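The values are calculated or read from the model by the stated rules, or taken from the named source; none is laboratory data. Since the model is a prediction, treat every value here as computed from it, not as a measurement. Glycine also receives a Cβ, built like all others from the backbone with ideal geometry; neighbour counts cover every protein chain displayed. Note: accessible area is taken over every heavy atom of the protein model, side chains too, but ligands, DNA and RNA are not part of it. Shrake-Rupley method; radii C 1.70, N 1.55, O 1.52, S 1.80 Å.
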Amino acid sequence: GAGVSQTPSNKVTEKGKYVELRCDPISGHTALYWYRQSLGQGPEFLIYFQGTGAADDSGLPNDRFFAVRPEGSVSTLKIQRTERGDSAVYLCASSQRRITDTQYFGPGTRLTVL
Amino acid sequence: KNEVEQSPQNLTAQEGEFITINCSYSVGISALHWLQQHPGGGIVSLFMLSSGKKKHGRLIATINIQEKHSSLHITASHPRDSAVYICAVPYNTDKLIFGTGTRLQVFP
């Protein structure tokens, strides 16, 4: 079956704009994770969903960031009033149930804020 | 202080060489992931291990839970092994903490 998909693959926006990044996990995976990766760094945790609920959103940097997963499958990461420092690759991953299950990563969305 | 540290940060090798990448962590864990990231960003899970050793083809991963240390070995390295290798550990049962990665380049 299909792996984790993310859209768009690239997003260029202007400072102050609103963006939405989409993640389509592997069918049947209840756990979904968003990470952010800056150039030359390892990914950093943003938020974890178990089913429809955000089980841990402690990695979201501030209240401009918000994520939803209304039906327990597709998730959308929303960034309001984007800033240049938000530029990074946003990665989504899913696993069957738990963090100790194999993680399947999407190709990422490269966000550039001008 | 980074809770997950990798060494070396950069590694170059000639084709055929045996390669070792190390990962040390400071948090208590139940398992550790080794991941591979190719240029362009795609991340692939190589291993998830909680004890002992796992082998897949030319890749071998070992972990010592007591010493909080894991190693990834590549035997008979090949240019297509060139990538960034990242170790990651679960924290609070619901998130991964990642090392900064080891950039490997294998030359023919």
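Work out from phi, with θ = phi - 60° and the Karplus expression 6.51 cos²θ - 1.76 cosθ + 1.60, the ³J(HN,Hα) of each residue of the stretch A:56-68, listed in order in whole Hz, and give x for Gly and Pro.
So the J values, rounded to whole Hz, are 7, 10, 5, x, 5, x, 6, 6, 7, 9, 8, 9, 9.
Taking the Cα centroid of the stretch B:23-90 and of the stretch A:4-38, what is the distance between the two, rounded to the nearest whole Å?
25 Å
Report the extension gain between A:S5 and A:R22 in nm, rounded to one decimal, defined as 0.36 nm multiplied by the number of residues separating them, less their alpha carbon distance.
Extending this stretch completely gives an extra 5.3 nm.
What figure in square angstrom, to the nearest 10, would you give for the accessible area of B:F18 with a 1.4 Å probe?
The accessible area comes out at roughly 120 Å².
So which residues in the stretch B:17-57 end up with at least 50 square angstrom less accessible surface once the other protein chains are there, compared with the chain by itself, probe 1.4 angstrom?
B:I43
Could you tell me which of A:V19, A:S58, A:I47 has its Cα farthest along the dipole of the stretch A:16-73 towards the positive end, charges placed at Cβ (Lys, Arg +1; Asp, Glu -1), taken about the Cα centre?
Checked the options; the winner is A:V19.
Along the Cα→Cβ direction, 7 angstrom out, place labels at B:N64 and B:H78. What is the inter-label distance in nm?
3.1 nm
Determine which residues of the stretch B:69-102 fall in the zone a paramagnetic label at A:Q50 would reach in this model, i.e. backbone nitrogen under 19 Å from the point 7 Å along Cα→Cβ.
Hits in the stretch B:69-102 for A:Q50 at 19 Å: B:89-97.
Which pairs, out of A:K78/B:K95; A:K15/A:K78; A:K15/B:K95; B:K68/B:K95, put more than 23 Å between their alpha-carbon atoms?
Violating the 23 Å limit, Cα to Cα: A:K15/B:K95.
With θ taken as phi - 60° and the coefficients 6.51, -1.76 and 1.60, list the Karplus ³J(HN,Hα) couplings across the stretch A:31-39 in order, rounded to whole Hz; mark glycine and proline as x.
9, 9, 10, 10, 10, 10, 10, 8, 4
Just the accessible area per residue of the protein assembly as shown, please: how many Å² with a 1.4 Å probe? Walk me through the numbers on the way to the answer.
Values: 10690 Å² over 222 residues.
For the protein assembly as shown, the per-residue accessible area is 48 Å².
Give the carbon-plus-sulfur fraction of the accessible surface of chain A in %, rounded to a whole number; probe 1.4 Å, heavy atoms of protein chains only.
Ligands and nucleic acids excluded, carbon and sulfur reach 46 percent.
Nothing charged except the Cβ atoms of Lys and Arg (+1) and of Asp and Glu (-1): what's the magnitude of the dipole of the stretch B:8-72 about its Cα centre? Round to the nearest 20 debye.
So the dipole magnitude of the stretch B:8-72 works out to roughly 220 debye.
Could you calculate the FRET efficiency of B:Q105 with A:K78 from 1/(1 + (r/R0)^6), where r is the beta carbon distance between them and R0 is 45 Å, rounded to 0.05?
Rounded to the nearest 0.05, the efficiency is 0.75.
Quick one: what are the phi-derived ³J(HN,Hα) couplings along the stretch B:24-35, Karplus 6.51/-1.76/1.60 with θ = phi - 60°, whole Hz, x for glycine and proline?
Residue by residue, the stretch B:24-35 yields 10, 9, 10, 8, x, 9, 9, 6, 9, 10, 10, 10 Hz.
Note down the magnitude of the dipole of chain A about its Cα centre, charges +1 on Lys and Arg C-beta and -1 on Asp and Glu C-beta and zero elsewhere, to the nearest 20 debye.
Rounded to the nearest 20 debye, it is 240 debye.
Treating only the Cβ atoms of Lys and Arg (+1) and Asp and Glu (-1) as charged, compute the dipole magnitude of the stretch A:1-45 about its Cα centre; round to the nearest 20 debye.
Numbers: 5 positive and 4 negative charges, 28 e Å.
Computed about the Cα centre, the dipole is about 140 debye.
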